[in-house]
Structures are given as structure tokens and as C-alpha cells.
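Beneath this line is the structure, given in C-alpha cells, with notes to follow.
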Amino acid sequence: MTFLAGQALTTDQDFEAAIKTKENVVAYQGSQRLRPVSTVTQYNHESVKLADGTTILRIASVIRTLNDEEKLSYLVGAKA
């Protein structure tokens with residue numbers, strides 16, 4: 001599965017694919033970003049666990065892939 005830039009992960013299949021491909025994601029609650037860029041390591045019907053150990057509730061948050069601008073910033077920051 002190929003993700004679009006800024007695609008919200010909503011289905012179990014989305015989370016399975018994100019784990020398999022180690023897709024970088026960000027988590028938001030409303031307009032507030034909850035965590036730095038991370039990858040999904042586990043999920044269930046209620047929550048998602050990120051690589052940094054943070055558990056985020058699916059119902060209260062939006063977890064999405066990086067948009068093009070965030071990807072560029074993340075890659076430039078990772079090389080520095």
C-alpha cells in the first residue's frame with residue numbers, strides 16, 4: 001500500500017500497512033500536534049502505540065502520514 005502525503009490512518013488495514021512499511025506519522029488532537037514524527041509499532045481498536053512508547057487514543061486523535069512539507073523538513077533535519 002502506498003500512502004498519500006498527509007493521509008489519515010483510519011482503518012486497521014491502514015495501520016497494518018504503516019507498521020509494515022515503517023511509515024513516518026504524526027499525531028494530532030484537534031490542531032495540536034501531540035508527538036514528534038514517529039512510526040506506529042502496535043494498534044488495536046482503541047489505541048495506537050508509537051515507536052517512542054506513547055499510546056494514543058484513536059477516537060480522540062488523528063494519526064496521519066507526513067505531508068510533503070513535513071517530509072522535507074524531517075529529511076533535512078535528519079541529515080543535520
>> Explain nothing, just compute: Karplus ³J(HN,Hα) = 6.51 cos²θ - 1.76 cosθ + 1.60, θ = phi - 60°, for every residue of the range 51-56 in order, whole Hz, x for Gly and Pro.
In response: 4, 7, x, 6, 9, 10
> Which value, in debye to the nearest 20, describes the size of the charge dipole of the chain about its Cα centre when Lys and Arg Cβ atoms bear +1, Asp and Glu Cβ atoms bear -1, and nothing else is charged?
Replying inline: 200
> Along the range 59-64, what does the Karplus equation 6.51 cos²θ - 1.76 cosθ + 1.60 (θ = phi - 60°) give for ³J(HN,Hα), rounded to whole Hz, x for Gly and Pro?
Replying inline: 5, 9, 9, 10, 10, 9
> If you plug each phi of the range 6-16 into the Karplus form 6.51 cos²θ - 1.76 cosθ + 1.60 with θ = phi - 60°, what whole-Hz ³J(HN,Hα) values come out, in order, with x for Gly and Pro?
Replying inline: x, 6, 6, 8, 10, 9, 4, 5, 4, 5, 4
> Given Cα pairs under 8 Å that are at least 6 residues apart, what percent is the relative contact order of the chain?
Replying inline: 33
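No value in this document is a laboratory result; all are computed from the given coordinates. These numbers were taken from a predicted model, which means no experiment stands behind them. Here Cβ is always computed from backbone atoms with ideal geometry, including for glycine, and neighbour counts include all displayed protein chains.
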